[in-house]
Amino acid sequence: MKKTRIIFCSDMHLCHKDWYGKSPEQRVDNLIQNLNKFYETSPYEQIIFLGDYSLDHWGTKEGGSWLHEGVCNTANFKRDYASRLKAPYYMCPGNHEQCGYEHWMEIVGTPRDDAFVLGGYLFITCDNYAGILEPTEPSDCLYSVTKVDFIRQKMEEFPELPVVLCGHYFDWNKEPPAFWELLKNEKRITLIVCGHDHRTEITDLGEKADNLCIYHDGHYSFSGDSKTPYDVMWGFTECYLTEYGIEMRYIEPENTITFKNNVLEHKFRTQNRAFFRRRDK
Ligand SMILES: [Fe+2]
């Protein structure tokens, strides 16, 4: 198996809000430039976006830009920004993209739940926020738990391959026993990757999941609860898929922002470098 390099990225939230002194357009443009610059330095195979391109659906502002103004910033992100990426990309839905199954296909061109092979691994994308699709009232989402049957079915179709589960979020406090049984017993599942909480960190799920980990892929909007840009700045996660496991690290490109009325000259930084050994070897 050759070493394959990919990128995970999420939570850029193209919407009406400014963060850290930049307009949404400047910020998302900046993301695209940084992803392309990173590619030019050393090409990677693919970007997997893990959701929250927008605030299309939201619990406030009369339900987000889609209900309130008929504006779909997910489509705008794809048309005006992602179209300029030098690498192929794949888009998973987030909790702020509560489009129905057909509507999502129309916008993005791939299903809300999906599976594909990349770098010798089977990637299964998990849509865990399908509790209220096409809401008619303001809503932030309803967690709908991981579709264990779908994962098992895809794993049967590719019986030889190690597996990465990815999606906007995996709320382990809300998952039923079937989820834990899957993670504990299916040793081919090597890693879970998520976004949503705007953090870069590694959650070890403990004995219940035979110590399988969830890697949180950061953000490109604002740092998660109780964190500041000094802790987790705009960035994306670099991933190497190898025969023996998966290497991850969070990349924060150089950027100048304003935080609490101070100018922050953020230098290039990497965080949370870790190797996740295959459990089936
Ligand atoms: Fe989210």
Table column - 3J(HN,Hα) (Hz), region 189-201, Karplus curve with 6.51, -1.76, 1.60, x for Gly and Pro: 6, 9, 7, 10, 10, 9, x, 6, 8, 6, 10, 10, 6
Rg in Å to one decimal, and Dmax rounded to a whole Å, for region 70-218 via C-alpha atoms: 15.7, 46
Positive-pole candidate from F49, M12, L67, dipole of region 1-78, charges at beta carbon: F49
Potential extension, F116-Y89 segment - 0.36 nm per residue separation minus Cα distance: 8.5 nm
Given charges at Cβ of Lys, Arg, Asp, Glu: the chain dipole, positive-most of P138, T256, G195: T256
Surface/4 estimate of mean projected area, convex hull on alpha-carbon atoms of region 125-281, nm²: 11.1
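About the Cα centre of region 4-277, what is the dipole size in debye to 20, counting +1 per Lys and Arg Cβ and -1 per Asp and Glu Cβ, all else neutral? Don't skip to the end; give the middle numbers.
Numbers: 27 positive and 42 negative charges, 156 e Å.
In total the dipole reaches around 740 debye.
What is the Å³ per residue value for the convex hull set by the Cα atoms of the chain?
Details: hull volume 34.4 nm³, N = 281.
Spelled out: Cα convex hull of the chain, divided by residues, is 122 Å³.
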Relative exposure of T237, T200, T258, judged by other C-beta atoms within 10 Å (fewest first): T258, T237, T200
Cut-off under 5 Å, modelled amide H: who pairs with M12 long-range: Y220
Order of K187, K267, K37 - criterion: other Cβ atoms within 10 Å of each residue's Cβ, fewest first: K267, K37, K187
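How would you rank Y89, Y53, going from fewest to most other Cβ atoms within 10 Å of each one's own Cβ? Working shown, then result.
Values: Y89 16, Y53 30.
Ordered by Cβ neighbours within 10 Å, fewest first: Y89, Y53.
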Region 4-277 - share of DSSP beta bridges that are antiparallel (%, nearest 5): 65
DSSP-loop chymotrypsin sites (Phe, Trp or Tyr not before Pro) across region 229-273, with at most 15 other Cβ within 10 angstrom: Y230, Y244, F268
Calculated P(r) tail over 18 Å for region 1-127, as whole % of Cα pairs: 55
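Any read-out appearing in this document is the output of simple, stated calculations on the displayed coordinates, not a laboratory observation. Model, not experiment: these values are computed from the prediction. Positions of Cβ are generated from backbone atoms using ideal geometry, with glycine treated the same way; all protein chains shown enter the neighbour counts.
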